[in-house]
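Participant: Structure incoming, see below.
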Amino acid sequence: MKIGLVTSGGDAPGMNAAIRAIVRYATPKDNEVVGIERGYSGLIDGQIVPLDPRSVGRIINLGGTILKTSRSPEFKTSEGIQKGAEVLKSNCIDGLIVIGGEGSFKGAVDLNRISGVPIIGVPATIDNDVAETDDTIGFDTAVNTAVNAIDKIRDTALSYERVFVVEVMGRDRGFLALEVGLAAGAGVILVPEITFNLDEICERLMAYQEKGKATSIIVAAEGVGDTSLIVKYIEENTPFEARFTKLGYIQRGGSPTARSRRLACLLGVHAVDLLLSGADIRMVGIQRESIVDRDLREVVMKKKELDRNLYNLAMDLAI
């Protein structure tokens with residue numbers, strides 16, 4: 001087969017490890033692998049480069065993606081999808097592997113429908129918001145990056161006896177905030193899926209103080225709103241000094257953790273196996289530490305639910 005490979009949407013640590021695994025697993029089996037640069041924008045423009053085992057050397061430890069990525073408004077149109085389908089056909093690409101998140105997979109489903117080219121999705125996003133998989137490439141790395149930063153912030157918080165509100169990524173979903181908050185021992189975790197009351201937050205902080213807890217860390221997903229206003233409200237309604245820190249894009253970068261690399265290798269290899277076995281439109285994932293695959297059309301129609309029990313546990317441990 002001639003296999004196309006594209007990284008699309010937001011970058012995630014471990015994408016390069018997946019690229020490496022796919023190329024080094026597929027080529028010894030007499031398959032040709034080509035990379036499509038700059039996501040779906042590059043597909044529309046025909047930005048295609050050959051990939052071989054040597055060209056993907058020394059990238060397993062690199063964050064980002066050597067193929068580069070982008071967000072393509074044009075690919076959301078029927079004209080853009082048609083252009084992408086024509087590029088696949090003109091380059092004789094027999095199957096496509098899309099490494100990306102929920103938005104990338106929706107585009108993949110449309111592209112498969114128009115082109116008829118088999119497509120396998122490999123979930124890679126620090127948001128971990130893709131249905132039918134417990135974990136996504138890059139999520140573990142982003143969690144560790146954020147926790148490491150909060151551990152440093154805590155030193156200052158303890159020294160000054162301040163409350164710190166730390167904003168992590170997550171415009172629509174709170175998976176990253178929840179995992180980071182639990183691992184960092186946050187006193188409060190704010191996620192888009194669960195409504196919160198500022199007065200109740202202040203009461204919780206005061207209750208902590210009465211129990212001898214002079215400082216707290218609040219982890220907030222960016223999707224909960226203007227988190228700087230939370231800082232202002234705390235300062236106006238409690239005796240605490242409060243500070244705001246936005247971690248931003250450092251969560252996307254950096255060398256992937258061992259878990260992110262391992263997941264990338266396992267999912268990449270399974271994606272190749274699916275294409276070689278004649279699969280049409282699937283997504284590879286991991287459930288209960290076992291590699292699985294699901295119909296990608298069904299995956300994009302589902303919404304992954306936040307683990308409320310895990311959230312409640314994090315709050316119970318915050319006393």
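The values are calculated or read from the model by the stated rules, or taken from the named source; none is laboratory data. Just so you know, these numbers come straight off a predicted model, no measurement behind them. Methodologically, a virtual Cβ is constructed for each residue, glycine included, from the backbone with ideal geometry; neighbour enumeration extends over all protein chains shown. For the accessible areas, the whole protein counts, side chains as well, though only heavy atoms, and no ligand, DNA or RNA atoms are used. Shrake-Rupley method; radii C 1.70, N 1.55, O 1.52, S 1.80 Å.
Participant: Looking at region 45-74 only, could you name the residues that are farther than 15 Å from Ser8 by Cβ and of a type in the set (S, T, N, Q)?
Facilitator: Scanning region 45-74 gives Ser55, Asn61.
Participant: If I filter region 87-94 for residues that are over 22 Å from Pro13 (Cα atoms), touching a strand residue (DSSP E or B) at 6+ places or on another chain (Cβ under 6 Å) and open to solvent by 70 Å² or more (accessible area, probe 1.4 Å), do I get at least one hit?
Facilitator: yes
Participant: Here's a follow-up. Could you grab me the full set of residues in region 211-239 that are modelled with pLDDT under 95 and in contact with an Asp or Glu (Cβ under 8 Å, 6 or more places away or on another chain)?
Facilitator: Listed by number, the residues that qualify are Ala214, Thr215, Thr227.
Participant: Asp135 - would you say it is open to solvent by less than 20 Å² (accessible area, probe 1.4 Å) and either in contact with a strand residue (DSSP E or B) (Cβ under 9 Å, 6 or more places away or on another chain) or assigned to a helix (DSSP H, G or I) (or both)?
Facilitator: yes
Participant: From the list Val168, Val188, which residue is open to solvent by less than 20 Å² (accessible area, probe 1.4 Å), under 27 Å from Gly64 (Cα atoms) and of a type in the set (A, V, I, L, M, F, W, C)?
Facilitator: Exactly one residue qualifies, and that residue is Val168.
Participant: Follow-up question, since we're still on this one. What are the pairs with Cβ atoms under 7 angstrom where one residue, in region 239-256, is within 16 Å of Glu167 (Cα to Cα) and the other, located anywhere, is charged (D, E, K, R) and part of a loop (DSSP other than H, G, I, E, B)? Sequence gap at least six, or different chains.
Facilitator: Ala242/Arg162; Arg243/Arg162; Arg252/Asp11
Participant: Taking the condition within 30 Å of Asn197 (Cβ to Cβ) and of a type outside the set (A, V, I, L, M), does Pro256 pass?
Facilitator: Spelling it out, it is not the case that Pro256 is within 30 Å of Asn197 (Cβ to Cβ) and of a type outside the set (A, V, I, L, M).
Conditions tested, residue by residue: (1) touching a Lys or Arg at 6+ places or on another chain (Cβ under 7 Å); (2) modelled with pLDDT of 95 or more; (3) outside any strand (DSSP E or B).
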position: Lys106; (1), (2), (3): no, yes, yes
position: Val109; (1), (2), (3): yes, yes, yes
position: Thr145; (1), (2), (3): no, yes, yes
position: Ala149; (1), (2), (3): no, yes, yes
position: Ile153; (1), (2), (3): no, yes, yes
position: Phe164; (1), (2), (3): yes, yes, no
position: Glu167; (1), (2), (3): yes, yes, no
position: Asp172; (1), (2), (3): no, no, yes
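For every residue, the table says whether it meets (1) buried (at least 21 other Cβ atoms within 10 Å of the Cβ); (2) charged (D, E, K, R); (3) touching a residue at least 12 places away in the same chain (Cβ under 8 Å).
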| position | (1), (2), (3) |
| --- | --- |
| Leu5 | yes, no, yes |
| Gly9 | yes, no, yes |
| Gly14 | yes, no, yes |
| Tyr25 | no, no, yes |
| Val34 | no, no, yes |
| Gly42 | yes, no, yes |
| Pro53 | no, no, yes |
| Arg58 | no, yes, no |
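Participant: What's the number of the only condition in (1) of a type outside the set (Val, Ile, Thr); (2) open to solvent by 80 Å² or more (accessible area, probe 1.4 Å); (3) closer than 20 Å to Gly170 by Cα that Asp316 fails to meet?
Facilitator: Condition (3) is where Asp316 drops out.
Participant: Across region 267-288, what is the total count of residues that are without any contact (Cβ under 8 Å) to a residue 40 or more places away in the chain and either of a type in the set (D, E, K, R) or surrounded by 18 or more Cβ atoms within 10 Å (Cβ to Cβ) (or both)?
Facilitator: Of the residues in that region, 2 qualify.
Participant: Which residue pairs have Cβ atoms under 8 Å apart, sit 6 or more places apart or on different chains, and have a first residue in region 108-127 that is more than 20 Å from Met1 (Cβ to Cβ) and a second that is aromatic (Phe, Trp, Tyr) and open to solvent by 10 Å² or more (accessible area, probe 1.4 Å)?
Facilitator: Thr125/Phe139; Ile126/Phe139; Asp127/Phe139; Asp127/Phe175
Participant: How many residues does region 203-260 contain that are closer than 25 Å to Gly10 by Cα and out of contact with any strand residue (DSSP E or B) (no Cβ under 7 Å at 6 or more places or on another chain)?
Facilitator: Of the residues in region 203-260, 14 are closer than 25 Å to Gly10 by Cα and out of contact with any strand residue (DSSP E or B) (no Cβ under 7 Å at 6 or more places or on another chain).
Participant: May I pose another question? Is it true that some residue in region 198-205 is open to solvent by less than 60 Å² (accessible area, probe 1.4 Å), of a type outside the set (Gly, Ala, Ser) and either touching a Cys at 6+ places or on another chain (Cβ under 8 Å) or in a loop (DSSP other than H, G, I, E, B) (or both)?
Facilitator: The answer is no, given that none of the residues of region 198-205 is open to solvent by less than 60 Å² (accessible area, probe 1.4 Å), of a type outside the set (Gly, Ala, Ser) and either touching a Cys at 6+ places or on another chain (Cβ under 8 Å) or in a loop (DSSP other than H, G, I, E, B) (or both).
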